[in-house]
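Student: My structure is below; once you've seen it, I'll send some questions.
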Amino acid sequence: MTYATEIVSAPVSIADRMAARIAVWKEQLEQRAQYRETVRELNALSDRELNDLGLGRSSIRFVARMAVYGN
């Protein structure tokens, strides 16, 4: 059986790092937009509809954060 005792990674260019960073920013912007949309939709519900879902107005942001970010 053979074991790798040394791991050599390929050098990453600055363009690759910038592209990766931009991809992360884009994902974060998309998540933020989804969070805002979720909050907006939940705020549009009446108190009765929120109550049917088992939610109060004070928990809308928490529920939206859990739905989008999972934490």
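The values are calculated or read from the model by the stated rules, or taken from the named source; none is laboratory data. Here the structure is a predicted model, which means the values were calculated and not measured. Positions of Cβ are backbone-derived with ideal geometry, glycine not excepted, and every protein chain shown enters the neighbour counts. The protein model used for the area step is the full one, side chains on, heavy atoms only, and it has no ligands, DNA or RNA in it. Shrake-Rupley method; radii C 1.70, N 1.55, O 1.52, S 1.80 Å.
Student: Answer with one residue from G70, V24, G56: the one whose Cα lies farthest towards the positive end of the charge dipole of the chain, charges on Cβ with Lys, Arg +1 and Asp, Glu -1.
Tutor: Of the listed residues, the answer is G56.
Student: Right, next: At a 1.4 Å probe radius, which order do I7, I14 fall into by accessible area, largest first?
Tutor: Ranking I7, I14 by accessible area, largest first, yields I7, I14.
Student: Also, quick follow-up: As a check on your grasp of the helix formula, calculate [θ] at 222 nm for the chain: sum -39500 (n - 2.57) over DSSP H runs of n ≥ 4, divide by the residue count, round to the nearest 500.
Tutor: -22500 deg cm²/dmol
Student: How far is helix 60-69 tilted off the main Cα axis of the chain, in degrees rounded to 10, range 0 to 90?
Tutor: The helix 60-69 is inclined about 20 degrees to the chain.
Student: If we sort 39-50, 22-33 on the protection proxy, mean other Cβ atoms within 10 Å, highest first, what's the order?
Tutor: Per-residue mean Cβ counts within 10 Å order the peptides as 39-50, 22-33.
Student: Could you give the dipole magnitude of the stretch 28-71 about its Cα centre, charging the beta-carbon of Lys and Arg +1 and that of Asp and Glu -1, in debye to the nearest 20?
Tutor: So the magnitude is around 200 debye.
Student: Once the Cα atoms of helix 14-44 and of the chain are each reduced to a long axis, what angle between those two axes, in degrees from 0 to 90 to the nearest 10, is obtained?
Tutor: The answer is roughly 10 degrees.
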